[in-house]
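Notes follow the structure.
The values are calculated or read from the model by the stated rules, or taken from the named source; none is laboratory data. Owing to the predicted nature of the structure, the values given are computational and were not obtained by experimental measurement. Positions of Cβ are backbone-derived with ideal geometry, glycine not excepted, and every protein chain shown enters the neighbour counts.
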Amino acid sequence: MNVDMSEPEPEIAEGSKAEQLSWPLILQFNLPTLGMGFMYLLVNMYLMKYATDVLLIAPAAMGLIFGFSRLWDGVTDPLVGYVSDRTRSRLGRRRPWILFSAIPVALVFYMVWSPPSELMGEEAVLYMSFAVILFYSAMTTVFVPHQSLAAELSVETHQRTRLFGVRHVGWSIGSLLALGAMWLMIQSSEPRVTATEIALVAGVLTAITMVWMVIRVPERKEYQGRVGSGAYQAFADVLRNPHAKVLLLVFLIDSVGGATVNILTVYVSEYIVGTPEYAPLYILLYAVPSAASVPLWLKLSKVYGKKKLWLFSMTMSSACFGAMMFLGEGDVAMISITAVVLGTVAGAGAILAPSIQADVIDYDELQTGERKEGTYFAAWNFVFKLATGITLVLTGFALDLAGFVPNVAQSETARTTLLVLYGFFPMVCFLLGALIFYRHFTLDEEAHLEVRRQLDARKGPEKAFLP
């Protein structure tokens, strides 16, 4: 089939004050996030428990696997970000990566959930090591270019928030579907077979959405060839950017804390509250308000500003996690109500953080004259995955040291360890992140508007994005 993907219909109203993005473009751009959200949540939330309880791999071994995969991400994330910035083709800088990642992403996701049944012990650990590392590597090749393209589609700060808001909704819908998949695996009498079938369907559908997005969503041609510095210089620019340094630190701290929701909810549901069958419900109560609150946060961001709302989100998240420390047997109402509040405020951070990150990239352009979305989002993507890896390693070793034994009632030490990891640890992380962000981040909407004005002055009135 010969399809010309170099000239899709333009749907970006350049030169207008609002630089409005059309709804068809926004929806088609975010279509792959359904599959990405599904895959990421299922792997990050359930693979560790699936591996310990079904594949009988030790928690510490799985923790090391996830931790090593994050070290490998330290190579692949910067590489993909930097090379995609320098890519030149008729499809643009980002779309070739997304297109050629479609099949590998589907294959490695299937590999993760379909280990040969005859593998046991060290062989199972070795197989899972390769599968997990390949999964995150393949996802990097689509995740970094996709986020980078999101930052390029508009230079107007509230349009970016709108775009990332819909992206979060798509990701959340994918996460909800992952909850359904997790429930099917938990209820299945043959979880290995169920996991394999789910992975096959999800992989194929995700690949199709990625190809469709490449066909339908354009790129800015003027951004090609805007990176002249070498790899070392490009990443040095990130660390020299004062706003980026603050965000990297805050994002790392918050992500370390936030990863506990995905990783430990299934453990807390079964071994603390005593309701293993309700684990998908608790995460559902988190995910639905997170997505449903997006329109509210979009409106409030225009009134109060992105910085104030994200700060509020971090502070409330800290309080909610603090409440989780007091969970006990049968506390269904408490964990449910806390999940709803936590999910609602988390929705603000999910859409405001990447929008603020895109604004920070404009500041880099003002300083260097280059467009390095790939480099920046590679750094943030690596920090996100590093944070998840830290939490997984910490969880694995902490549970082993506490004497965790799967599928039986836990000792008081193991239960206390779970509550500290699920409540106290993220409470401290979010509170620390909020303090750093409040004291050291200064690129608000007014400051970003001044950055855009200076950039437009360089380009001249005929190429300016703002009037």
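When we screen THR206, THR194 for residues that are of a type outside the set (Gly, Ala, Ser), under 29 Å from ALA339 (Cα atoms) and either assigned to a loop (DSSP other than H, G, I, E, B) or free of Cβ contacts under 8 Å to residues at least 12 places away in the same chain (or both), the only hit is THR194. Summed over the stretch 240-278, the residues that are more than 21 Å from the chain's Cα centre (by Cα) and either in a helix (DSSP H, G or I) or within 24 Å of THR375 (Cβ to Cβ) (or both) give a count of 11. Restricting attention to the stretch 286-303, does a residue exist that is under 29 Å from ALA409 (Cα atoms), in contact (Cβ under 8 Å) with a residue 24 or more places away in the chain and among the small types (Gly, Ala, Ser)? So far as the stretch 286-303 goes, yes, one or more of its residues are under 29 Å from ALA409 (Cα atoms), in contact (Cβ under 8 Å) with a residue 24 or more places away in the chain and among the small types (Gly, Ala, Ser). Residues in the stretch 151-171 that are modelled with pLDDT of 90 or more and small (Gly, Ala, Ser) were compared, and the one that is surrounded by the fewest Cβ atoms within 10 Å (Cβ to Cβ) is GLY170. If the condition is being within 18 Å of THR375 (Cβ to Cβ), surrounded by fewer than 22 Cβ atoms within 10 Å (Cβ to Cβ) and touching a helix residue (DSSP H, G or I) at 6+ places or on another chain (Cβ under 7 Å), then the stretch 83-136 contributes only THR87. From the list VAL408, VAL393, VAL451, the one residue that fits, being over 30 Å from LEU366 (Cβ atoms) and either among the small types (Gly, Ala, Ser) or more than 24 Å from the chain's Cα centre (by Cα) (or both), is VAL408.
Among the residues of the stretch 412-435, is any touching a helix residue (DSSP H, G or I) at 6+ places or on another chain (Cβ under 6 Å), more than 16 Å from VAL256 (Cα to Cα) and free of Cβ contacts under 8 Å to residues at least 24 places away in the same chain? The answer is yes, given that some residue of the stretch 412-435 is touching a helix residue (DSSP H, G or I) at 6+ places or on another chain (Cβ under 6 Å), more than 16 Å from VAL256 (Cα to Cα) and free of Cβ contacts under 8 Å to residues at least 24 places away in the same chain. Checked against (1) free of Cβ contacts under 8 Å to residues at least 24 places away in the same chain; (2) more than 14 Å from VAL273 (Cα to Cα), THR338 meets all criteria but (2). The set of residues in the stretch 296-346 being in a loop (DSSP other than H, G, I, E, B) and either at positive phi or not aliphatic (A, V, I, L, M) (or both) consists of GLY305, PHE326, GLY328, GLU329, GLY330, ASP331. In the stretch 139-155, the residues that are within 17 Å of ASP77 (Cβ to Cβ) reach residues that are assigned to a loop (DSSP other than H, G, I, E, B) and β-branched (Val, Ile, Thr) with C-beta atoms within less than 8 angstrom, at least six apart or across chains, in these pairs: LEU149/VAL217. Of the helices (runs of 4 or more DSSP H) lying entirely inside the stretch 357-467, those containing at least 1 residues that are touching a Pro at 6+ places or on another chain (Cβ under 9 Å), modelled with pLDDT of 85 or more and surrounded by fewer than 16 Cβ atoms within 10 Å (Cβ to Cβ) are 373-401, 425-440.
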